[in-house]
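Enquirer: Please find one structure pasted underneath; my questions will follow.
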Amino acid sequence: MAEMTMIKAITDAMRTELKNNEDVLLFGEDVGYYGGVFRATEGLQKEFGEDRVFDTPLAESGIGGLAIGLGVTGFRPIMEIQFIGFMYEVMDGLAGQMSRMHYRTGGYYSSPITVRAPFGGGVKTPELHPDSLEGLMAQTPGIRVVVPSTPYDAKGLLISSIRSDDPVFYLEHMKLYRSLKGEVPEEAYTIDLDKADIKREGDDITFVAYGAMVHSALKAADQLSEENIEAEVIDLRTVSPVDLDTIVESVKKTNRAVVIQEAQRQAGVAAGISAEISERAILHLEAPVARVTAPDTVYPFASDEDVWLPDHNDIIEKAKATIDF
Amino acid sequence: MFQILDEDGKVVNEDAMPDLSDEQLQEIMYRMVYTRVLDQRAVSLGRQGRLGFYAPVAGQEASMIGSHYAIDKEDWIAPGYRDIPQLLWHGYPLWQSYLFSKGHYKGGQMPEGVNALIPQIIIGAQIVQTAGVALGLKKKGKSQAVITYTGDGGASQGDFYEGLNFAGAFHVPAIFVVQNNQYAISVPADEQTAAETIAQKAVAAGIEGIQVDGMDTLAVYAATQKARQNAVDGNGPTLIETLCYRYGPHSLSGDDPTRYRTSEEDDEWEKRDPLVRFRKYLESKDLWSEEKENEIVDEAKADVKAAMKEVEETPRQKVSELIEIMGNELPNNLQEQLEEYRAKESSE
């Protein structure tokens, strides 16, 4: 096993699949010669050639259409949207086209496409770069939304996404790209796309989180542990569809839940999960399901993002209020 | 504007005359007549409430049939919602086109070996997808092209420019046909753009562009054949603008063309009718007769009847079936909902 950053694990997953299947293609803006603005695709064009790893003209809707057309002609495209805010430009390709290809053709065509996009706050990017738009895609049936939180998960989930015959929107949190390292096997391995992972076990309260918030939840859990409060931390890994079985099972044990997301409070992933917990486990709850989220504004300018983004202190506060309810 | 036959069916451009046998010329006329009848029947079925969404095609037969006749069986089509005739002549069964019209998922299941996407509803989405299909064909080293269709309104979409530009940049075997039928629902073509022609938009993408008389099936055929040859020879994409006219409404869903068009204008275009013009040409060569045409009308009507029967015998789709076809793998949320709907349906 090797120690890898998340970005290296992502590159490694793509290399593995480019090697494994010659129908895998990788394309987007600056992903070829340059190796991507974050270097996620570094060296891949050199290794696999311009036919397999290539730059496109600067037009997101064109990139989405390209992926769909390549998908129906037998390829397995990995397309990169350079920053998540640019997905508005390809919303029809994502939500209107690839998500329903299988449905509207009665299974005749599929969209075996992996859409990769960096997202997430805390790294002082310009506006329309750090937004958490996973809730928008989670509204769309027919497309899975995957958000890894560790290098190990990043590689396994990305390989599973590339091998999936259905479209996957794979979101890479920019703050996690290089901020943590972890053990990553060198060989190919997959992680079940629809399965949440329990990152920390505990009996007193359930934290449900994904992406960078998993680490905030773990930090909060460690501090709470000093006060003899043991939190169970569930990492969703896939935010659409959500693995409700794992969540409900945990809540039945802990009787309390806090759902945590970096995104704004209105609608979104956490709202859906808290409704599901209420519907499925209300009699097991000792307190209302709480949410830790950003406020319902546009993502702020970089100078305000540290206050705007939820952190471990917000989680601790909400957890204590839930326990004291 | 590229033309071969004038309104009287006389050859005005002998040099451009495509090399077609008498049988092929008759086949083109056969398809145009058959398509006109299908359209008349579909309009009438639609008014009786026996079809779902339908976009009439009368007036566009030369553009549709002429361009389709120039491509190969192995080539791909990425149609807009009005481009049902090209799909039918490519091997998509009529009864399935009716199921598509009614929103039945079985209407979207292309028969094996028919290289086509199902009709696109979003204006312009097929244009960017075409760039992808064409790149796929190029990467697989196939001697195939992809032809896509949109209208004058479609040429205003961002996806139109992105698709043309991608196809040009990747130098792929794509043919973009803009059927300029003069109206995007009610907005006339001259309000879509200040450009003199839509064909000239090819210049911006660095690809070939040509404006063709879209009521002249031989001109459309010749232009498409050349575009197809260029595509499979590795000479890149072509944009073809066919100037034509839609006689009927935009669709049968409430559009009333008398509110935005005059009967004088309709009459003017009907004088250029593609069927009349080509019939005159064939008659001058002794290749057509009223009797032959009547046989086609009867054949088409009988086919419509048989297709409608098949549609009416197709079981209604179930919500559980729709859940099952959402994707290749059934995620946990759908597994749960599938059981719910199966139970509901079995108690019905």
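Readers should treat all values here as calculations from the given coordinates under stated rules, not as data from a laboratory. A quick note: this is a predicted structure, and the numbers were derived from the prediction, not measured. Glycine gets a Cβ as well: all are built from the backbone with ideal geometry, and neighbour counts include every protein chain shown.
Enquirer: Regarding segment A:1-72, what are the three Cα extents along the principal axes, ordered largest first, in Å?
Expert: 38, 25, 19
Enquirer: For segment B:90-223, max minus min Cα coordinate along each principal axis, in Å, sorted largest first?
Expert: Sorted largest first, the three principal extents are 42, 40, 31 Å.
Enquirer: Based only on other Cβ atoms within 10 Å, what is the fewest-to-most ordering of A:Lys8, B:Lys305, A:Lys219?
Expert: Ordered by Cβ neighbours within 10 Å, fewest first: B:Lys305, A:Lys219, A:Lys8.
Enquirer: Further question: Can you say what percent of the DSSP beta bridges in chain B, counting only those with both residues inside, are antiparallel? Round to 5.
Expert: If I count the DSSP bridges inside chain B, around 10 percent turn out antiparallel.
Enquirer: While we're looking at this one, here's another question. Give the percent of DSSP beta bridges with both residues in segment A:197-324 that are antiparallel, rounded to the nearest 5.
Expert: Just about 20 percent of them are antiparallel.
Enquirer: Out of all Cα-Cα pairs in segment B:207-348, roughly what percent, to the nearest whole number, are more than 28 Å apart?
Expert: More than 28 Å apart: 58 percent of the Cα pairs in segment B:207-348.
Enquirer: With r defined as the distance between the Cβ atoms of B:Ser186 and A:Tyr33 and R0 fixed at 45 Å, what FRET efficiency is calculated, to the nearest 0.05?
Expert: Here the calculated transfer efficiency is 0.40.
Enquirer: Taking N as the number of residues in segment A:2-184, what is its alpha-carbon radius of gyration divided by 2.2 N^0.38 Å?
Expert: The reported ratio for this selection is 0.94.
Enquirer: Follow-up question, since we're still on this one. Between B:Val297 and B:Gln335, what is 0.36 nm times their sequence separation minus the Cα-Cα distance? Round to one decimal in nm.
Expert: That pair, B:Val297 and B:Gln335, stretches by 8.8 nm at full extension.
Enquirer: Points 7 angstrom from Cα along the Cβ direction at B:Leu322 and B:Asp72: gap in nanometres?
Expert: Spacing of the two 7 Å Cα→Cβ label points: 4.0 nm.
Enquirer: OK, next. For Cα pairs less than 8 Å apart in space and 6+ apart in sequence, what is the mean separation divided by the residue count of chain A, i.e. the relative contact order in percent?
Expert: Across chain A, relative contact order equals 16 percent.
Enquirer: To continue, here is another question. Could you check the spin-label model distance between B:Glu112 and A:Ile198? Points 7 Å from the Cα along Cα→Cβ, value in nm.
Expert: In this crude spin-label approximation the distance works out to 4.8 nm.
Enquirer: Please find, in a Gaussian network model of chain A (springs between Cα atoms separated by less than 10 Å), the residue of A:Gly121, A:Gly62, A:Gly71 whose mean-square fluctuation is greatest.
Expert: A:Gly62
Enquirer: Please state the shape class of segment B:15-172: rounded when a/c is under 1.5, otherwise prolate if a/b exceeds b/c and oblate if not, all from the C-alpha gyration tensor.
Expert: Since a/c reaches 1.5 but b/c is at least a/b, the shape of segment B:15-172 is classed as oblate.
Enquirer: Then there is this: Averaging over all projection directions, find the projected area of the Cα convex hull of segment A:234-325 and quote it in nm² with one decimal place.
Expert: Orientation-averaged projected area of the Cα hull: 6.2 nm².
Enquirer: Over chain A, consider all pairs of different Cα atoms and compute the Kirkwood hydrodynamic radius from their mean reciprocal separation; express it in Å, one decimal.
Expert: This gives a value of 20.0 Å.
Enquirer: I want the antiparallel fraction of DSSP beta bridges within the protein assembly as shown, as a percent rounded to 5.
Expert: Of those bridges, close to 20 percent are antiparallel.
Enquirer: Computed on alpha carbon atoms, what radius of gyration and Dmax characterise segment A:74-137, expressed in Å?
Expert: Cα radius of gyration and Dmax of segment A:74-137 are 13.7, 45 Å respectively.
Enquirer: Follow-up question, since we're still on this one. Compute and list, largest first, the equivalent-ellipsoid semi-axes of segment B:1-47 from the alpha carbon gyration tensor, each √(5λ) rounded to a whole angstrom.
Expert: Working through the eigenvalues yields semi-axes of 29, 14, 8 Å.
Enquirer: Under 27 Å between alpha carbons, and skipping anything fewer than 8 positions from A:Lys219 in its own chain: which lysines qualify?
Expert: Of all the lysines, those that pass the test against A:Lys219 - Cα under 27 Å, at least 8 places apart if same chain - are A:Lys8, A:Lys124, A:Lys155, A:Lys175, A:Lys181, A:Lys195, A:Lys199, A:Lys252, A:Lys253, A:Lys318, A:Lys320.
Enquirer: Still on this model: Net charge around A:Lys8, counting only other residues with Cβ within less than 11 Å of its Cβ (Lys, Arg = +1; Asp, Glu = -1)?
Expert: +2
Enquirer: Counting other beta carbons within 10 Å of each Cβ, put A:Phe207, B:Phe53, A:Phe27 in order, fewest first.
Expert: B:Phe53, A:Phe27, A:Phe207
Enquirer: Can I ask one more? Give me the extension gain from A:Glu22 to A:Asp306: residue separation times 0.36 nm, minus the current Cα-Cα distance, reported in nm with one decimal.
Expert: Once the chain is fully extended between A:Glu22 and A:Asp306, it gains 97.9 nm.
Enquirer: A follow-up question, please. Quick check: residue separation of B:Lys280 and B:Ser253 times 0.36 nm, minus the Cα distance between them. What number comes out in nm?
Expert: Residue separation times 0.36 nm, minus the Cα-Cα distance, leaves 6.3 nm.
Enquirer: Taking R0 as 60 Å, what FRET efficiency do you get between A:Asp51 and B:Thr314 from their Cβ-Cβ distance, rounded to the nearest 0.05?
Expert: Computed FRET efficiency for A:Asp51 and B:Thr314 comes out at 0.85.
Enquirer: Hey, what did chain B get for relative contact order, percent, Cα under 8 Å, at least 6 apart?
Expert: 24 percent
Enquirer: With a point put 7 Å past each Cα toward its Cβ, work out how far A:Thr297 is from B:Lys142 in nm, to one decimal.
Expert: 5.2 nm
Enquirer: Under the √(5λ) rule applied to the eigenvalues of the Cα gyration tensor, what semi-axes describe the equivalent ellipsoid of segment A:129-203? Give them in Å, descending.
Expert: One finds semi-axes of 20, 17, 14 Å for segment A:129-203.
Enquirer: Please state the shape class of segment A:130-169: rounded when a/c is under 1.5, otherwise prolate if a/b exceeds b/c and oblate if not, all from the C-alpha gyration tensor.
Expert: Oblate, since a/c reaches 1.5 and b/c is not below a/b.
Enquirer: Give the value in nm², to one decimal: projected area of the alpha carbon convex hull of chain B, averaged over all directions.
Expert: Average projection, Cα convex hull of chain B: 19.4 nm².
Enquirer: Rounded, prolate or oblate, given the Cα gyration tensor of segment A:83-196, with a/c below 1.5 counting as rounded?
Expert: oblate
Enquirer: Is it possible to state the helix-based mean residue ellipticity at 222 nm for chain A, with each DSSP H run of 4+ residues giving -39500 (n - 2.57), the sum divided by total residues, to the nearest 500 deg cm²/dmol? What is it?
Expert: -10000 deg cm²/dmol
Enquirer: For each of B:Met32, A:Met213, count neighbouring Cβ atoms within 10 Å of the residue's Cβ, then give the residues from fewest to most.
Expert: B:Met32, A:Met213
Enquirer: Set the Förster radius R0 to 60 Å, insert the Cβ-Cβ distance between A:Glu227 and A:Glu186 as r into 1/(1 + (r/R0)^6), and round the FRET efficiency to 0.05.
Expert: The formula returns an efficiency of 0.90 here.
Enquirer: Roughly how far apart, in whole Å, are the Cα centres of segment B:47-113 and segment B:231-309?
Expert: Between the Cα centres of segment B:47-113 and segment B:231-309 lies a distance of 14 Å.
Enquirer: Something else about it: Per-residue ellipticity at 222 nm for chain B, helices alone: DSSP H runs ≥ 4 residues times -39500 (n - 2.57), over residue total, nearest 500 deg cm²/dmol?
Expert: Computed mean residue ellipticity for chain B: -14500 deg cm²/dmol.
Enquirer: Could you tell me the ratio Rg/Rh of the protein assembly as shown? Both radii from Cα atoms, Rh via Kirkwood.
Expert: Taking Rh as the inverse mean 1/r over Cα pairs, Rg/Rh reads 1.04.
Enquirer: Assign unit charges at the C-beta atoms only (+1 for Lys and Arg, -1 for Asp and Glu), then state the dipole size of segment B:14-315 relative to its Cα centre in Debye, rounded to the nearest 20.
Expert: With Lys and Arg at +1 and Asp and Glu at -1, about 1100 debye.
Enquirer: Direction-averaged shadow area of the convex hull around the Cα atoms of segment A:174-240, nm²?
Expert: Across all orientations, segment A:174-240 yields a mean hull projection of 5.6 nm².
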